[in-house]
Amino acid sequence: MTIDDRSGRRVPAHPERARPATHELERYKSLFAARTQGMRSSAMRDMMSLTERPDVISLAGGLPDTKTFAPELYAKLMSRVAAEQTAKALQYGPTEGLAATVRCIVEVMAAEQTLVDPDEVLVTTGGQQVIDLVCKALLDPGDVIVAEAPTYPGAVPTFGAYQADVAQIEMDSDGMPIDELEATLDRLAAEGRRPKFIYTIPNFQNPGGVTMSLPRRRRLVEVAREREILVLEDNPYGLLRYEGDPLPTLYSLDAALAGRGGASDFVIYLGTFSKILSPGVRLGWAVAPAPVLEKLNLGKQGADLCSSPVTQLFVAAYFGEHDWRAYLETLKALYRKRRDAMLGALEAHFGPDARWTRPQGGMFVWATLPDYIDTTDLLARALETEAVAFVPGRAAYVDGRGASCMRMNFAGVAEEDIVEGIKRIGRVIAEQVGLFGTLTGGAPRAAQQPEPAAEAEPMADVVQLRRREQRESKQRSN
Ligand SMILES: Cc1ncc(COP(=O)(O)O)c(C=O)c1O
C-alpha cells in the first residue's frame with residue numbers, strides 16, 4: 001500500500017492484487033459468517049477510487065462542495081477546540097454524544113420544524129451508522145424491510161449485510177405511493193410476514209430526486225400507527241431546498257398523533273451534518289422512541305463506543321461562533337445554480353429518448369434512458385472513452401432493476417464540469433442509440449419490458465421529452 005500524493009488516499013502497491021482472488025477467498029470461506037455472503041461493496045465506494053482520476057469528471061459521488069467552507073474559519077475553530085478543550089477532545093466521550101453537540105442537533109431539528117427532546121437523540125458516526133444500527137437492532141436474517149424504488153445505494157449493502165429481504169416500491173412524482181405500500185403490506189401479511197421497518201427518504205430522495213407529498217406523509221404515518229410498524233425517516237437533504245415550501249417531517253407528524261409532548265411512537269429519524277456542514281466530520285444522529293434508542297445505543301457501544309469528540313466539539317464550536325444558517329444559504333444558492341446547469345445540459349445533450357427528474361432540492365438528478373441501454377455497460381464506456389462517471393441505476397435496487405437508469409450529482413461539481421460531463425455522457429448515449437438503430441435496422445424498439453410505475457405516472461417533476469417514436473411518426477406524417 002502506498003499513499004497517493006495528490007489525493008492522500010491509500011492506493012494498492014499492486015493493483016492487480018487489490019481484490020482477493022477467488023482461490024484466496026475460498027481458503028478462508030469456512031471461517032466466514034453466513035451473513036458475509038450478503039455483503040457487497042457499495043457502488044459509490046467503488047466509484048470513488050475510479051473517479052479520483054484527475055481527468056475524470058465525476059457526477060457519481062454523493063459529495064457536497066466542501067471547498068465552500070472558509071479555510072480560516074476551519075483553522076480558527078479547530079485551534080480553538082485544540083487550545084481550549086484539549087483533554088475533552090482527545091478523550092472518549094459518552095456513547096449518546098456530547099451535550100454541546102446534541103444542542104446543535106436540537107437546533108437543526110427545530111429548523112426542520114421538528115421539536116425533539118435531547119434525551120431522544122443519539123449522536124452517530126454519520127447517518128450511515130444509523131442505518132447500520134437500525135438494522136442491527138431490528139433485523140434477524142430473512143426479515144423484511146420495505147423501501148422505495150430506487151433507494152439510497154449506500155443502504156443496499158447494509159440491508160444485504162443483515163440478510164434482509166427488501167420489498168421495493170416504485171416511486172412516482174410524489175414519492176412512495178402509500179396505496180402500493182398498503183397493498184405490499186397486505187400481501188406480506190397474507191404470507192405471515194410483517195416488515196421490521198419502512199425505509200424512506202422523503203425529501204429530494206437519493207437517488208430519485210423526488211419528494212413525498214404531504215398527503216402521503218400523513219397517510220404513511222397513519223399506516224405505521226395502524227399496523228405498528230416502524231419507519232426509518234432518512235433526511236439528509238431536507239434543509240437543502242431550492243424552491244417550494246418545506247414539508248413536515250414524518251417524525252413531527254407522528255409525534256403530533258402520539259400526543260406525548262413531542263416524541264414520536266413509530267418514526268426513527270436519521271439526520272446528518274454531512275450535507276449542511278461536512279461529511280468529513282462523520283457526524284449524524286438518530287432520534288427515536290426511548291426503547292428503540294436504547295437498543296441503538298447498545299449497538300453503537302459494540303461498533304465504536306462513541307463518535308469522535310474532536311469533531312463533535314468542532315461542530316459545537318461552529319454552531320457557537322458562526323451562523324450555520326448563513327452557510328446553508330450559500331450552499332443552497334450554489335447548488336440551485338448547479339442544479340439548473342445540469343437540467344439545462346440534460347435538455348441540450350441527452351436526446352429525445354431520455355427523461356429525468358427535476359428535484360426541488362438535494363443533490364441528485366435521476367435519469368431514465370431507453371430500456372436497451374444498460375447503464376452499467378454505459379458507465380464502463382463513459383469512463384473509458386469520455387472520462388466521465390455517474391452511478392448506474394442497478395446500485396439503487398436490490399433485484400437488478402434500474403438497469404437503464406442513472407444517478408448524477410450536481411452539488412459537488414463546478415458548473416462548467418457539469419455541462420461538460422453531461423455533454424460527454426450524452427455522446428456515449430448517442431453512440432449507443434446509434435448502435436442500436438444500426439443493429440435493428442434503424443427501427444426504434446418499443447419498450448419490451450413492463451416499465452416501472454414511473455412510465456405510467458412519471459417521477460417527480462420529470463422533464464418528459466417527446467419519445468423518438470412520436471417524433472419520427474410526426475416527421476413521417478409531415
Ligand atoms: C439518503 C442518505 N442517507 C444516509 C447517508 C449517509 O450520510 P452520512 O453517513 O455521511 O451522514 C447519505 C449520504 O449520501 C444519504 O444520501
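Data table
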item: Those residues of segment 339-352 which are buried (at least 21 other Cβ atoms within 10 Å of the Cβ) and touching a helix residue (DSSP H, G or I) at 6+ places or on another chain (Cβ under 7 Å), in sequence order; result: M342, A345, L346, F350
item: Breaking point among (1) part of a helix (DSSP H, G or I); (2) surrounded by 23 or more Cβ atoms within 10 Å (Cβ to Cβ), for V231; result: (1)
item: Single residue of segment 306-326 satisfying the filter (over 13 Å from T101 (Cα atoms) and part of a loop (DSSP other than H, G, I, E, B)) that is modelled with the lowest pLDDT; result: H322
item: Pair list, Cβ under 9 Å, 6 or more apart: segment 86-101 residue at positive phi and surrounded by 13 or more Cβ atoms within 10 Å (Cβ to Cβ), other residue assigned to a loop (DSSP other than H, G, I, E, B) and not hydroxyl-bearing (S, T, Y); result: G97/L283; G97/C306
item: Filtered residue count, segment 338-395, keeping only those that are assigned to a helix (DSSP H, G or I), charged (D, E, K, R) and more than 17 Å from V419 (Cα to Cα); result: 4
item: Qualifying residues in segment 62-83 (those that are of a type in the set (S, T, Y) and without any contact (Cβ under 8 Å) to a residue 24 or more places away in the chain) - the one surrounded by the fewest Cβ atoms within 10 Å (Cβ to Cβ); result: S79
item: Residues that are more than 12 Å from the ligand (Cβ to nearest atom), within 16 Å of N297 (Cβ to Cβ) and either in a loop (DSSP other than H, G, I, E, B) or of a type in the set (A, V, I, L, M) (or both), drawn from segment 134-152; result: A137, L138
item: V223 being surrounded by fewer than 24 Cβ atoms within 10 Å (Cβ to Cβ) and aliphatic (A, V, I, L, M); result: yes
item: Extreme residue, nearest to S278 (Cα to Cα), among residues of segment 358-402 that are among the aliphatic types (A, V, I, L, M) and under 18 Å from the mean Cα position of the chain (by Cα); result: M363
item: Test result for L270, within 16 Å of the ligand (Cβ to nearest atom) and more than 17 Å from T114 (Cβ to Cβ); result: no
item: Per-region count, segment 366-382, residues surrounded by fewer than 21 Cβ atoms within 10 Å (Cβ to Cβ) and either at positive phi or touching a residue at least 60 places away in the same chain (Cβ under 8 Å) (or both); result: 3
item: Close pairs (6 angstrom Cβ cut-off, 6 or more residues apart or separate chains): closer than 8 Å to A286 by Cα and within 16 Å of the ligand (Cβ to nearest atom) in segment 115-129, hydrophobic (A, V, I, L, M, F, W, C) and not in a strand (DSSP E or B) anywhere; result: V121/V102; V121/I105; L122/L293; L122/L296; T124/V130
item: Check on K295, outside any loop (DSSP other than H, G, I, E, B), of a type in the set (D, E, K, R), surrounded by 24 or more Cβ atoms within 10 Å (Cβ to Cβ) and at pLDDT 95 or above; result: no
item: Failed item, numbered, when A155 is tested on (1) out of contact with any strand residue (DSSP E or B) (no Cβ under 6 Å at 6 or more places or on another chain); (2) hydrophobic (A, V, I, L, M, F, W, C); (3) away from the ligand (no atom under 16 Å from the Cβ); result: (3)
item: Any pair with Cβ under 6 angstrom, 6 or more apart, that starts in segment 131-158 at a residue that is more than 22 Å from W285 (Cα to Cα) and ends at one that is assigned to a loop (DSSP other than H, G, I, E, B) and within 14 Å of the ligand (Cβ to nearest atom); result: P150/P207; P150/G208
item: Close pairs from segment 220-241: first hydrophobic (A, V, I, L, M, F, W, C), partner at pLDDT below 95 and within 16 Å of the ligand (Cβ to nearest atom), Cβ under 9 Å, at least 6 apart; result: L240/P64
item: Segment 74-124, residues that are closer than 20 Å to L270 by Cβ, in a helix (DSSP H, G or I) and out of contact with any Gly (no Cβ under 8 Å at 6 or more places or on another chain); result: T101, V102, R103, C104, V106, E107, A110, A111, P118, D119, E120
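Yes/no matrix, rows are residues, columns are (1) assigned to a loop (DSSP other than H, G, I, E, B); (2) away from the ligand (no atom under 16 Å from the Cβ); (3) of a type in the set (S, T, N, Q):
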position: E180; (1), (2), (3): no, yes, no
position: A183; (1), (2), (3): no, yes, no
position: R194; (1), (2), (3): yes, yes, no
position: P207; (1), (2), (3): yes, no, no
position: T211; (1), (2), (3): yes, no, yes
position: P215; (1), (2), (3): no, yes, no
position: R218; (1), (2), (3): no, yes, no
position: E222; (1), (2), (3): no, yes, no
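The values are calculated or read from the model by the stated rules, or taken from the named source; none is laboratory data. Every value quoted in this text rests on a predicted model; they were computed, and no experiment measured them. Every residue, glycine as well, gets a Cβ built from its backbone with ideal geometry; the counts of neighbours run over all protein chains shown.
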